[in-house]
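The structure under discussion appears below in the form of structure tokens.
The values are calculated or read from the model by the stated rules, or taken from the named source; none is laboratory data. Small disclaimer: the values here were computed from a predicted structure and weren't measured. Here the Cβ is made from the backbone with ideal geometry for all residues, glycine too, and neighbour counts use every protein chain on show. For accessibility, only protein heavy atoms count, side chains too; no ligands or nucleic acids. Shrake-Rupley method; radii C 1.70, N 1.55, O 1.52, S 1.80 Å.
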Amino acid sequence: MYDIKRLEAGQQKLQQAQQIVGLDLSGGHPQQPQLTCSVIAAPANRANPNAVPNASPNPSEATHMTLLTLRRRRSLQRRACLLSILAAFVFGMALGVVVPMFGLPRHLDSHSDADADSPPELMQMVAVEPLSSYRVEFIKEANAELSAEQVFRNAFHLEQDKDAPDSMVVKKLDTDDGTIKEFHVQRTASGRYRKGPERRLSKKVAERLVTSQETVSPSPSAASQHQAGLIEDDVFWGPTVERALPKGFASQDQLAWERFVGEQGRVVRLEQGCGRMQNRLVVFADGTRACARYRQNTDQIQGEIFSYYLGQLLNITNLAPSAATVVDTSTPSWAAALGDITQAQWKERRPVVLTRWLADLEPAGIPQPFQPLERHLNKHDVWNLTRHMQPEGQAQAQAQTQGLLKRLGAASSPGSAHQSNAIEETGTGTATATATGTAMASGALVQRLIELAQWSDLIVFDYLIANLDRVVNNLYNFQWNADIMAAPAHNLARQSASQLLVFLDNESGLLHGYRLLKKYEAYHSLLLDNLCVFRRPTIEALRRLRAAGAGRRLRDLFERTTSAGVRDVLPSLPDKSVKILEERIDRVLGQVQKCQGS
């Protein structure tokens, strides 16, 4: 056996003995001591009980061997550790991959006799799918990334997180139980959204709404009688509203304006106005005025003129007549305005869009049904407007008239002379008869309905072209300014005499707005997802346009209405924009089908 302490003691005694005797194994120089390991055999007299216990062993009987160094011992320990880790890894791989690949034993195939006596309910719980049918897969979260339509459908408020630009707080109405829910969404690099857990902000109101409708709503026959002429097929404005709509700008107005700009018009001067930057108010020789849109980038000129063409194809008469032309002072049309053109820093041979000047315009606000938290419009909302028109007496008629006008009042600027405000002020403090109150309320109701019908076209039109500079501008800034929805809408005006809404400045449509869909698509979908009343002529024209090819129709109109000089400097609508437009047309038609199905 090995005994290190005795080994060291034996070495010391051996060295001392060599020094005494004077043993020199290396020619007179003392040899360096070497640490050895001796195998010490048991003494012969160990078995004798009378032997002296402390007697030292005989050095000649010990066998010496070289002791392993500490470095080699550590090396062996490291190798053993690595081998154990490798063995554990191989064992884990065998359990996690190899065994599932070949399948585990079917433990449930054979049952003991005792299991046969178990109750049927217990046997159904035990009879699960065999283990051999399972495979190892990575855990994947269901619906980890959602589209903008899935996330923002029925949403009425968005608030961007200031600390995280790609995150926002969404409040939406759950149509299943009528509750308002709030959740966070984060926009991913692919343009989709990752949704967080929902938080309910209100109680279920479905039962309460049903009860209130039963108490205040008349019979279905009375409802259908009062809705006759207002709503058709549950989703279209009826003939009463269609006949009351302002005429707007017909195709004859467009043809006359194109002929005037291309042949008859002679520009005499340019004045400041018509918006920002380098836009100018153009004055012709006969006194006609027009707003000239000038941009360094031609895509905004394309967006303006092709958005106008789209409105023409959809029979939307709310866009003022517009025409594209080229600034060329060598022609009689622009020669007289050379000084003003130089002062405006316009360049020669640049395309501009001339839109006919409209003098009698006033700011237009966003109607209450499209403001948070009431951003929706369907046949039930129309019925809620009409059911106030049943006066039972003189005083009640006046009260209902005042209440209706107050509820339907548009959000307009303090200085705007809106007709409904004038009617309300006229009726204040005046005792009117039942017939008079009914007539006034009916007039205010029709006025409000024709405004909402024009807003139906506005929502569809702005969604198709992805316009950023109108309602989306208010929706986006609502997170910083809660009162902005009560302010006049951007690039929207109303003719004082006819109450026609005019859709102004559509330069961001079809090109610039399409490039920013990843950021603003949520705001584009807010109004469309909650709109379920449309103008039938607009939807029918949209279906015809989709069948005939929107890109081909727009390009044909561009070729037919512009001169060769315009086409040389202004490109046609690109294929990418045509593809996105067709997708958005399908989205609008799908919304109509969804409203019809519900």
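Listed cross-link partners K195/K576; K518/K576; K171/K518 are compared with a 18 Å cut-off, the Cα-Cα value being larger for K195/K576; K171/K518. If only the Cβ of Lys and Arg carry +1 and only the Cβ of Asp and Glu carry -1, the dipole of segment 448-574 around its Cα centre is close to 500 debye. Packing order of peptides 456-469, 312-325, 584-597, highest average first: 456-469, 312-325, 584-597 (average count of other Cβ atoms within 10 Å over each peptide's residues). Measuring r between the beta carbons of T342 and E159 and using R0 = 45 Å, the FRET efficiency lands at 0.40.
Note on E507: accessible area approximately 10 square angstrom, rounded to 10, probe 1.4 Å, nucleic acids and ligands left out. Using the average count of surrounding beta-carbon atoms within 10 Å as a protection proxy, the listed peptides 73-79, 179-185, 349-355, 259-265 rank, highest first, as 349-355, 179-185, 259-265, 73-79.
May I ask you to compute the full-extension gain from S598 to L517, defined as 0.36 nm times their residue separation minus their alpha-carbon distance, rounded to one decimal in nm? Could the numbers behind the result be given before it?
Working: separation 81, 0.36 × 81 = 29.16 nm, distance 2.82 nm.
Full extension of this stretch gives 26.3 nm more.
Among 523-530, 87-94, sorting by the average number of other beta carbon atoms lying within 10 angstrom of each residue, highest first, gives 523-530, 87-94.
Estimated at 0.36 nm per residue, the fully extended path between S330 and A541 surpasses their Cα-Cα distance by 71.8 nm. Divided by 2.2 N^0.38 Å, where N counts the residues, the Cα radius of gyration of segment 214-369 comes to 1.44. Convex hull volume of the Cα atoms of segment 297-351, normalised per residue: 98 Å³.
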